[in-house]
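Trainee: Mind having a look at this structure? Questions to follow.
No lab work stands behind these numbers, since they all come straight from the coordinates. Quantities reported herein were computed from a predicted structural model and do not represent experimental measurements. Ideal geometry is used to build each Cβ from the backbone, glycine not excepted, and the neighbour counts take in all protein chains shown.
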Amino acid sequence: MQSLVWEAPRVMALRETPPPALAPGEVLVQVAYAGICGSELSGYLGKNALRVPPLVMGHEFAGTVAALSPEAQDQTPHLRPGQAVTANPLVSCGACSYCLSGRQHLCPRRQLIGAHRPGAYAEYVAIPAGQVSALPDGMSLAVGALAEPVACGVRIGELAGDVAGEDVLVIGAGPIGLLALQALRLRGARRVFAVDLSPERLAMAASLGAEVIDPRSQDAAAAVRTATAGEGVVVAVDAVGATATRGQAVAATRAGGAVILSGLHEESGVLPVADIIRREITLRGSFGYTPANFATALAWLAEGSAGLAPWVVEAPLAEGGAWFESLVAGKGAVAKVLLRPAR
Ligand SMILES: [Zn+2]
Ligand SMILES: [Zn+2]
């Protein structure tokens with residue numbers, strides 16, 4: 001089969017590889033679409049400890065069931081060859097306290113498809129049957145491939161807690177920022193402020209109902225404070241992960257509020273800790289999603305209440321390397337690139 005193989009920093013090539021061997025309990029999915037994730041951009045640049053070349057990345061995908069192992073047939077009798085599916089790519093052990101309490105994404109033995117195991121930038125991908133979800137009736141494969149990033153937004157919204165009627169902030173209007181924005185609105189936030197350096201991304205956030213702040217022309221945190229009568233927001237989400245944006249998130253949050261850290265741009269950095277202490281700000285990480293969040297994401301996509309529709313680009317898998325370069329450069333009104341293996 002054809003696979004897009006990441007071979008070294010900034011080197012990706014279409015290669016002929018053997019199709020994945022189907023282990024007991026696994027399903028073989030013929031990939032229709034596989035999205036490019038921001039974490040894979042840092043991986044592509046060689047700045048992500050989770051990803052080591054040579055590697056077939058790709059963890060946001062949808063496709064059709066090509067084959068089921070005998071155990072998978074027993075375990076998931078609702079899955080049949082040809083069935084349209086997507087999958088939760090965070091494979092967990094199923095036995096630890098996290099897995100047993102519905103927080104499989106925190107399992108210490110979790111493995112991510114496309115990082116620890118071969119991913120979906122290929123014609124076929126193998127995955128344990130329990131990770132696979134049939135697409136709701138009428139959902140296209142291209143929409144189904146968005147379930148994974150939408151689930152990240154669902155998780156951020158869940159951790160934000162009760163924001164009904166409150167003002168909130170999202171820094172970074174990439175795919176996860178845009179989906180967090182939608183999740184916060186669905187949870188009843190009054191105003192969602194959005195900050196991004198890119199005018200195209202600010203326009204996307206504005207069209208989703210955000211009040212946008214351009215940090216190139218003003219101090220973002222000061223602008224948020226001015227707009228909230230000096231108070232700041234109840235919850236600020238940093239979907240970038242730079243020292244500057246993490247600091248902005250703290251500065252824009254009101255005393256007693258919370259900052260949700262989701263962006264992983266920089267592994268570590270300097271935080272205004274004394275300010276966090278004196279104003280009792282809660283810092284919390286948000287990583288991935290629970291299986292329940294993944295199911296909510298599919299439901300939101302099915303009802304059309306979340307998505308990235310106008311800003312999704314479909315491209316042949318063979319052009320994947322060029323799209324990685326283009327996304328690293330950060331140009332254009334593109335929120336998600338879906339790679340399509342040739343048929
Ligand atoms: Zn992702
Ligand atoms: Zn576990």
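Trainee: I want to confirm something. Restricting to region 204-226 and keeping residues that are touching a strand residue (DSSP E or B) at 6+ places or on another chain (Cβ under 8 Å) and part of a helix (DSSP H, G or I), which single residue is surrounded by the most Cβ atoms within 10 Å (Cβ to Cβ)?
Mentor: My answer is Val224.
Trainee: Moving on to the next point. If you scan region 167-185, which residues turn out to be touching a helix residue (DSSP H, G or I) at 6+ places or on another chain (Cβ under 7 Å) and over 18 Å from Gly232 (Cα atoms)?
Mentor: Ala173, Gly174, Pro175, Ile176, Leu178, Leu179, Ala180, Gln182, Ala183
Trainee: Considering every residue within region 269-282, establish whether at least one is in contact with a helix residue (DSSP H, G or I) (Cβ under 9 Å, 6 or more places away or on another chain) and touching a residue at least 40 places away in the same chain (Cβ under 8 Å).
Mentor: No, there is no match, as no residue in region 269-282 is in contact with a helix residue (DSSP H, G or I) (Cβ under 9 Å, 6 or more places away or on another chain) and touching a residue at least 40 places away in the same chain (Cβ under 8 Å).
Trainee: (1) within 14 Å of ligand 1 (Cβ to nearest atom); (2) in contact with a helix residue (DSSP H, G or I) (Cβ under 7 Å, 6 or more places away or on another chain); (3) aliphatic (A, V, I, L, M): which one isn't true of Val143, the others all being true?
Mentor: With (1) within 14 Å of ligand 1 (Cβ to nearest atom); (2) in contact with a helix residue (DSSP H, G or I) (Cβ under 7 Å, 6 or more places away or on another chain); (3) aliphatic (A, V, I, L, M) applied to Val143, the lone miss is (1).
Trainee: Select the strands (runs of 3 or more DSSP E) contained entirely in region 1-107, then report the ones holding at least 3 residues which are away from ligand 1 (no atom under 16 Å from the Cβ).
Mentor: Hits in region 1-107: 2-8, 11-16, 26-35, 60-68.
Trainee: Mind checking which residues of region 52-94 are surrounded by 22 or more Cβ atoms within 10 Å (Cβ to Cβ) and among the hydroxyl-bearing types (Ser, Thr, Tyr)?
Mentor: Thr76, Thr86, Ser92
Trainee: Here's something else I'd like to know. What is the one condition in (1) within 16 Å of ligand 2 (Cβ to nearest atom); (2) over 16 Å from the mean Cα position of the chain (by Cα) that Asn88 does not satisfy?
Mentor: Answer for Asn88: the failing condition is (2).
Trainee: Let me ask another. Out of everything in region 146-165 that is away from ligand 1 (no atom under 16 Å from the Cβ) and under 20 Å from Ala206 (Cβ atoms), what residue ends up being farthest from the chain's Cα centre (by Cα)?
Mentor: Going residue by residue through region 146-165, those that are away from ligand 1 (no atom under 16 Å from the Cβ) are 157-165.
Filter again for under 20 Å from Ala206 (Cβ atoms), leaving 157, 163.
Working: Gly157: 13, Val163: 21 Å.
Step by step, filter region 146-165, then rank; the result is Val163.
Trainee: Could you pull out every one of the strands (runs of 3 or more DSSP E) wholly within region 227-295 that has 3 or more residues that are over 20 Å from the mean Cα position of the chain (by Cα)?
Mentor: On the way: elements: 233-238, 253-261, 282-285.
In region 227-295, the matching strands (runs of 3 or more DSSP E) lie at 253-261.
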